[in-house]
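Presented below is the structure to which this report refers.
The values are calculated or read from the model by the stated rules, or taken from the named source; none is laboratory data. All values derive from a computational prediction rather than experimental measurement. Cβ: placed from backbone, ideal geometry, glycine included. Neighbour counts: every protein chain shown.
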Amino acid sequence: MRVASIDIGTNTILMLISDVAPDGTMHVVSDQQVIARVGKGVDRSGAIEWDAFTRSEKFLARYLEEAGSQGVDLIRCTGTSALRDARNGEDFLDYMYQKLNLEIEILSGADEALWTYGGAISGFSARDSAYAVLDIGGGSTELTVGRGFHINERLSQDIGCVRLTEKILHHTPPTDIEIASLFEVIDDAVMKFPRFDASETTFVGVAGTVTTLAAVEQKLEEYDGEKVAGFVLTREMIDRRFRQFRTMTKDELHETLRIDPGRADIILVGVAILKRLMEMRDIHGIVVSERGLRYGIVMREWERGFERASIS
């Protein structure tokens, strides 16, 4: 079965096309992302801007065309924080259905955490080990703790990179007062996240903050998923990058993040979330994963297909 999983996030829209074998093994055909900023301004106005409708339509049409050319059997499209929060989220869904005949499923924060966790650990061979998966998104951040594919605790908090940048950081570089306010909000959220024993748990990070940091740390001239996946970001690296990024202008950030320059204006918040979580929980390193929600949704569809086959 060939499945296309489209993830409409607050900052990015991603599409994974994967062949799924009867035993659940995935073979990636295509994995790509674009920065669409669906959630731009949502925290301030409560609504998705019209430009985000038309911008997203263009990207989604391109994805659907590619899915068709790749002979996809099944397309699943999910939306997360921005579509959950916006008062016109249903209008966005109706618009995409009318324009593209595309059905979009809005995931709850708990379900987003669940399937992000499943997608992330699907890339590890030790399936019975303890994992904690952190997903720093544009609108929200999820932390899910479990053993193998069994979830113990999961929590989604509204401390995403786009949301907090728009809400708190109004200067580049930010002022000391802005940084203090940012830490106050992050620290309050971190206190509520599930706890885990860092000495016995593999701490895994997904999404753009950690993958971008891994690429920067390795001084990659072009993004290389094989070098990014499995890279360990230490607390010292993260602290150093935070201190560097908080003093930089927009132009300097664009140059430093030339592999993913579209993330330059929001990267500081992502690094701050990572920094404070690791400091407050005394965590020394985080393993970078390229997998996440879109992989988890492919797994979900394989499980549903397996269940239907078993019943029949």
Out of all the residues in segment 15-31, is one or more without any contact (Cβ under 8 Å) to a residue 24 or more places away in the chain, within 20 Å of the chain's Cα centre (by Cα) and assigned by TED's automatic domain parsing to the domain that holds Y97? yes
Test of understanding: among R44, R62, which residue is assigned to a helix (DSSP H, G or I) and closer than 25 Å to G270 by Cα? R44
For the structure I just gave you, tell me whether I151 is of a type in the set (A, V, I, L, M, F, W, C) and touching a Phe, Trp or Tyr at 6+ places or on another chain (Cβ under 7 Å). yes
Filter result (in a helix (DSSP H, G or I), at pLDDT 95 or above and under 22 Å from A120 (Cα atoms)) within segment 215-236: R235
I'd like to check which strands (runs of 3 or more DSSP E) are fully inside segment 107-210 and have at least 1 residues that are more than 20 Å from A229 (Cα to Cα). 141-147, 150-157
Can you find even one residue in segment 81-102 that is at pLDDT 95 or above, under 21 Å from L16 (Cα atoms) and under 21 Å from the mean Cα position of the chain (by Cα)? yes
Any residue that is within 18 Å of V162 (Cβ to Cβ), surrounded by 14 or more Cβ atoms within 10 Å (Cβ to Cβ), in contact with a Leu (Cβ under 7 Å, 6 or more places away or on another chain) and without any contact (Cβ under 8 Å) to a residue 40 or more places away in the chain - is there at least one of those in segment 243-250? yes
Going through V298, V228 one at a time, which residue ends up being out of contact with any helix residue (DSSP H, G or I) (no Cβ under 7 Å at 6 or more places or on another chain), buried (at least 19 other Cβ atoms within 10 Å of the Cβ) and farther than 21 Å from R163 by Cβ? V298
Looking at this structure, is G208 exposed (fewer than 14 other Cβ atoms within 10 Å of the Cβ), outside the structural domain of V28 (by TED's automatic domain parsing) and small (G, A, S)? no
Say whether the condition of being within 20 Å of the chain's Cα centre (by Cα), part of a helix (DSSP H, G or I) and not small (G, A, S) is met by at least one residue in segment 282-289. no
Got a number for residues in segment 24-41 being part of a loop (DSSP other than H, G, I, E, B), farther than 16 Å from I104 by Cβ and in contact with a Phe, Trp or Tyr (Cβ under 9 Å, 6 or more places away or on another chain)? 1
Regarding G160, is this residue crowded, with 22+ Cβ neighbours inside 10 Å, touching a residue at least 60 places away in the same chain (Cβ under 8 Å), out of contact with any Pro (no Cβ under 6 Å at 6 or more places or on another chain) and not assigned by TED's automatic domain parsing to the domain that holds D265? no
